[in-house]
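The block underneath contains the structure these notes are about, expressed in structure tokens.
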Amino acid sequence: MTTWLDVPADDPFGIATLPYGVFSTDDPDLRRVGVRIGDQVLDAARAAEAAGMESGLLWEAPTLNPFLSLGPQAWEAARAWLTKVLTDEAYRDAVEPHLVPLTDVTMHLAIEVADYVDFYASEHHATNVGTLFRPDNPALPPNWKHLPIGYHGRAGTVVVSSTDVVRPVGQRKAPTDPAPVFGPSVRLDIEAELGYVVAGATALGTRVGVGQAAQHLFGVVLLNDWSARDIQAWEYVPLGPFLGKSFATSVSAWVTPMAALASARVPLPGQDPEPLPYLRGSPDEVFGLDVRYEVRVNDTVVATPRHADMYWSPVQMLAHLTVNGASLRDGDLFASGTISGPTPQSRGSLLELTWNGTEPLNLDDGATRGFLEDGDTVTMTAWAPGPDGARIGISEVTGTIRPAAS
Ligand code: MN
């Protein structure tokens, strides 16, 4: 399948990807839904109007949420329509005037995030963290292989890629300190994760089973769960992550639809013991995703994690999240947890890459890093295998650390 646009065959944002985002041009208040193709943005609502697609009216909106509320059949129809008008020359005259160069747009957070949950689904990450922080106990907590562990995060501080991140201040207390101290975090870290955009509201008291979960997964973003390790370490017992995480969570500007990731589905690495029945499904239902990351600190690639190493499937995470009757809302977001693999190069946090700061990273410019310094820029990019050898891009998530507010 080829488009009439001039897009290189190996472009990760070719015709097989078609991610959705929210953009503006001259007037930042005039936000609307766009679809990325190559280095251009299709003004979706105006193209739909010009080419006679009525439900495209929902793209004349400042977030993707109205479109999300339509459900999987409408998403599929919209994607089929977009593919048709971008490949069939007959639509070119109607559609081409509504393409805007990517360099001329400002991107905004694509969804109004309803609820945000972060999981902990990498066995390698959980093992590394347990080894670092609880050396006298088994690395994995006793519940870890029975349920996908998670916590509720702060939806209102999810920010779009390129938003600066201000170093948080708070309390910290090293084990040897006599009392807590207050000030800017000195152990600011990253977590390379995949974020799942959820849609299809459900009623309180109902469950979404493993077999239905995929119908609620609209798409994915790269997600950087910025983490102040020193604040986190002092506050997290016994109720879990709080201010060490809630100051900012960065996500890609573009949401890559799950429909673009059909060729990236892979079996899970294997679950032993077999989970309880509500977390079981056929291999088709309980899938993993082959998404390959590059994590850069400034200009140095520091890690190349792979999402295919994750122990839990996103459908198991969603089934678990709702098994107690908790309802879903359009725009819910859940994240995989830090993606780490079996090798040192595949670790998705500085905590692991530097072994809690004891083995600093060497950057290409000669600098070393245990944790992040002010002015550092962290950028994550990723792609997944697509049809016919195509690469499916999941757009970058980047952010620069600014000094703590005084
Ligand atoms: Mn996390």
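The values are calculated or read from the model by the stated rules, or taken from the named source; none is laboratory data. Keep in mind that this is a model prediction, so the values were computed, not measured. Don't worry about glycine lacking a Cβ; one is built from the backbone with ideal geometry, like all the others, and counts go over all protein chains shown. These accessible areas exclude ligands, DNA and RNA; they are computed on the full protein's heavy atoms, side chains included. Shrake-Rupley method; radii C 1.70, N 1.55, O 1.52, S 1.80 Å.
Take the alpha carbon atoms of the stretch 45-64, find their center, do the same for the stretch 226-249, and report the distance between the two centers in whole angstrom.
Centre-to-centre (Cα) distance: 41 Å.
Run the accessible area of the chain with a 1.4 Å probe and give the carbon-and-sulfur part as a rounded percent.
52 percent
Which FRET efficiency value, to the nearest 0.05, do you get for residue 268 and residue 54 by plugging their Cβ-Cβ distance into 1/(1 + (r/R0)^6) with R0 = 35 Å?
Here the calculated transfer efficiency is 0.30.
According to the square roots a ≥ b ≥ c of the eigenvalues of the Cα gyration tensor, what is the shape class of the stretch 137-184, taking rounded for a/c under 1.5, prolate for a/b larger than b/c otherwise, and oblate for the remainder?
Note, shape of the stretch 137-184 comes out oblate.
When the chain is fully extended, how far beyond the present Cα-Cα distance does residue 171 get from residue 301, taking 0.36 nm per residue of separation?
Gain on extension, residue 171 to residue 301, equals 43.7 nm.
To the nearest 10 Å², what's residue 152's accessible area with a 1.4 Å probe?
Rounded to the nearest 10, the figure is 140 Å².
Could you give the length gained by full extension between residue 361 and residue 233, i.e. 0.36 nm per residue of separation minus their alpha carbon distance, to one decimal place?
Between residue 361 and residue 233, full extension yields an extra 43.9 nm.
Once you've got the GNM for the chain with C-alpha springs shorter than 10 Å, pick whichever of 256, 63, 87 has the biggest mean-square fluctuation.
Residue with maximal mean-square fluctuation among 256, 63, 87: 87.
Between residue 377 and residue 39, what is the FRET efficiency for a Förster distance of 22 Å, r being their Cβ-Cβ separation, to the nearest 0.05?
Efficiency, rounded to the nearest 0.05: 0.55.
Taking H placed 1.01 Å from N in the peptide plane, check which residues at least 5 places from residue 154 or on another chain put their amide H under 5 Å from its amide H.
Counting only residues 5 or more places away or on other chains, the set is empty.
With an 8 Å cut-off on Cα pairs and a minimum separation of 6 or more residues, tell me the relative contact order of the chain in percent.
Reported relative contact order: 21 percent.
How much net charge surrounds residue 118 when only the other residues with a Cβ under 9 Å from the Cβ of residue 118 are counted, with Lys and Arg +1 and Asp and Glu -1?
Taking every other residue near residue 118 into account, the sum is -2.
Tell me the net charge near residue 221. Cut-off is 11 Å between Cβ atoms, residue 221 excluded, with +1 for each Lys or Arg and -1 for each Asp or Glu.
Charge balance near residue 221 sits at -2.
Can you tell me the length gained on complete extension of the stretch residue 74 to residue 242, counting 0.36 nm per residue apart and subtracting the Cα distance?
Working it through step by step, the gained length comes to 56.8 nm.
Suppose each label sits 7 Å from its Cα in the direction of the beta carbon; what would the residue 133-residue 323 distance come out to in nanometres?
About 2.3 nm separates the two model spin labels.
For residue 143 and residue 181, what does the FRET efficiency come to when R0 = 41 Å and r is the distance between their Cβ atoms, rounded to the nearest 0.05?
Here the calculated transfer efficiency is 0.80.
Using a probe radius of 1.4 Å on heavy atoms only, what accessible surface per residue do you get for the chain? Whole Å² is fine.
Counting only protein heavy atoms, the per-residue value for the chain is 43 Å².
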